[in-house]
Amino acid sequence: MLRSFVRSHFTLLAAVLMAGLAVSMVEGEKEIPLTKFSQDVGGYGATMTFLYCYSCGYRKAFDDYYNIIREKYPEITIRGGNYDPSGFNMLLSKVLLVTKLLLIAALMSNYDIGRYIGNPFAGWWQWCFNNKLYASMMIFFLGNTLEAQLISSGAFEITLNDVPVWSKLETGRFPAPQEMFQIIDNHLQFANKIEPNPDFVK
């Protein structure tokens with residue numbers, strides 16, 4: 001009985017296995033250390049960490065802050081990484097990822113799931129089945145758009161030696177460069193600990 005079930009549903013089982021493998025790869029990617037999207041220099045004790053929304057395009061903002069801070073305070077270690085959204089949004093984005101992969105795999109393997117999804121959706125699936133390439137592209141890009149919306153946190157969070165010093169989620173904006181310099185000076189009392197670069201032009 002088990003053998004006949006596996007034989008008759010081999011394509012679907014293979015699609016499920018592929019989806020599980022893809023999710024595992026995504027999980028492994030999430031567990032990459034903080035410096036995946038960052039540069040790490042310095043090493044004299046002071047560490048500034050930026051956690052930002054990578055899907056929002058904030059990587060460029062991080063690079064800009066990295067350059068101006070490194071220019072004035074060359075002894076600070078600067079790190080950056082992706083800010084993970086809430087657990088529910090992450091879970092929902094993974095469900096969408098698996099669903100997207102399963103639908104595309106079912107289309108490409110000619111597996112008819114119309115008999116399982118009921119009459120209200122049978123017509124839609126039949127259209128997808130008759131237009132596989134177009135339907136697969138539509139499912140892929142629509143799924144990507146929904147996933148990006150779910151994980152787009154809008155965050156740009158900054159800590160200095162693990163102490164939060166700025167949160168875009170709370171303030172609704174990025175810090176101005178002079179604000180950032182003032183925060184660094186006040187927090188670490190640079191007059192006595194770390195001297196700014198005398199060649200830096202304000």
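The values are calculated or read from the model by the stated rules, or taken from the named source; none is laboratory data. Small disclaimer: the values here were computed from a predicted structure and weren't measured. Cβ sites come from the backbone with ideal geometry, for glycine too, and all protein chains shown count toward neighbours. Note: accessible area is taken over every heavy atom of the protein model, side chains too, but ligands, DNA and RNA are not part of it. Shrake-Rupley method; radii C 1.70, N 1.55, O 1.52, S 1.80 Å.
Listed values, structure above:
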| read-out | value |
| --- | --- |
| The stretch 62-106 - residue that is in a helix (DSSP H, G or I) and touching a Phe, Trp or Tyr at 6+ places or on another chain (Cβ under 6 Å) and, of those, most open to solvent (accessible area, probe 1.4 Å) | Glu71 |
| Residues satisfying the stated conditions in the stretch 162-192, i.e. open to solvent by 60 Å² or more (accessible area, probe 1.4 Å), closer than 18 Å to Glu75 by Cα and either in contact with a Pro (Cβ under 7 Å, 6 or more places away or on another chain) or touching a residue at least 40 places away in the same chain (Cβ under 8 Å) (or both) | Asp162, Pro177 |
